[in-house]
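Data block below; observations after.
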Amino acid sequence: MPASPTFSIAVLISGNGSNLQAIIDAIKNNELDATIKLVISNRQNAKGLDRAKEAGIPTLLVDHTLYLNREEFDQAMLDALTRYQPDLVVLAGFMRILSAKFVSALCGKLINIHPSLLPLHKGTHTHKRALEANDSIHGCSIHYVTKELDGGPVIAQSQVPIYPNDTEELLAVRVQKEEHRLYPLCIGLIAKKKLELVDGAPVLDKQPLTNGGIKFRQSNYDTYYLK
Ligand code: GAR
């Protein structure tokens, strides 16, 4: 029997690419059965481009400043994605708002990571805002992307505590550690077809996910890796 083709992804980045690195490492360590077909960056100096090249992954720069408007920029990315035909498109620190056309062309195949416990703290400066709000917990969310900014249905969240005297920097490090575990795990669930978007709602093992998706705290991940 011919082997089924490996689940393929494209990753869109704008900067450091530490989440991209976590996905590359998870694949290398056999924790994630997938292949990265393409990395797209909208910024030439994104460190994530170097990480991709180092791992031998095809890269593409689609510089948003060279396009007349959002629609043309998004179309250039869609054209590239159409050429590569990934099973899933993963936004990993991609800091451009996407047009409705882009989002609907990839409906159910486009996920994002956001550094807060959505629906709290949509947008930017999430660690600063969690501290200012005196939140006692913070974290990150993985969600399907819809036209509403940071508003699509949540697949999973990982929580971290906020300690007295925390700073934005300390909190960012704590949250990113969770991001690096959570993103490969969620991609793996989608790759194994355990998780999918059905009628606009995430479904895990045929059960609709409600209330902010699968909940993790620091270090209770093992059971999901073992499934
Ligand atoms: C991550 O913390 C991610 O959650 C955030 O950007 C960072 C990218 O880091 N994304 C957003 O804020 C999207 N709204 P990385 O480039 O090192 O992966």
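Here, each number is a calculation from the coordinates, and none is a lab measurement. Everything quoted here is computed from the prediction, not taken from an experiment. In this analysis, Cβ positions are derived from the backbone assuming ideal geometry, glycine residues included, and neighbour counts consider all displayed protein chains.
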Checklist entry - Among all the lysines, which ones have a C-alpha under 30 Å from K206's C-alpha, if same-chain residues fewer than 8 places away are not counted? => result K28, K37, K101, K109, K122, K147, K177, K192, K193, K194, K215, K227
Checklist entry - Counting Lys and Arg as +1 and Asp and Glu as -1, what is the net charge of the other residues whose Cβ lies under 12 Å from the Cβ of P161? => result -1
Next on the checklist: Please arrange E178, E31 by how many other C-beta atoms lie within 10 Å of their C-beta, fewest to most.
Outcome noted: E31, E178
Checklist entry - Between T65 and N30, how many nm apart are label points set 7 Å from Cα along the C-beta direction? => result 4.5 nm
Checklist outcome for this item: Least to most buried among C186, C107, by other C-beta atoms within 10 Å and fewest first, runs C107, C186
Item to check | Simple label model, 7 Å out from Cα along Cβ direction - K215 to I97, nm | outcome: 3.2 nm
Checklist outcome for this item: Note to self, the chain gives a 222 nm [θ] from helices alone (DSSP H runs n ≥ 4, -39500 (n - 2.57) apiece, / all residues, nearest 500) of -10000 deg cm²/dmol
Checklist outcome for this item: At 37 °C and 0.692 mPa s, the Stokes-Einstein diffusion coefficient in µm²/s for the stretch 1-64, with hydrodynamic radius from the Kirkwood sum on alpha carbon pairs, is 271 µm²/s
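Sorted from fewest to most neighbouring beta carbons within 10 Å, what does the list I162, I23, I142 look like?
Final ranking by Cβ density, sparse to dense: I162, I23, I142.
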Checklist entry - Antiparallel DSSP bridges in the chain: what percent, to the nearest 5? => result 45 percent
Checklist entry - R0 = 25 Å: FRET efficiency of A172 with K194, Cβ-based, nearest 0.05? => result 0.25
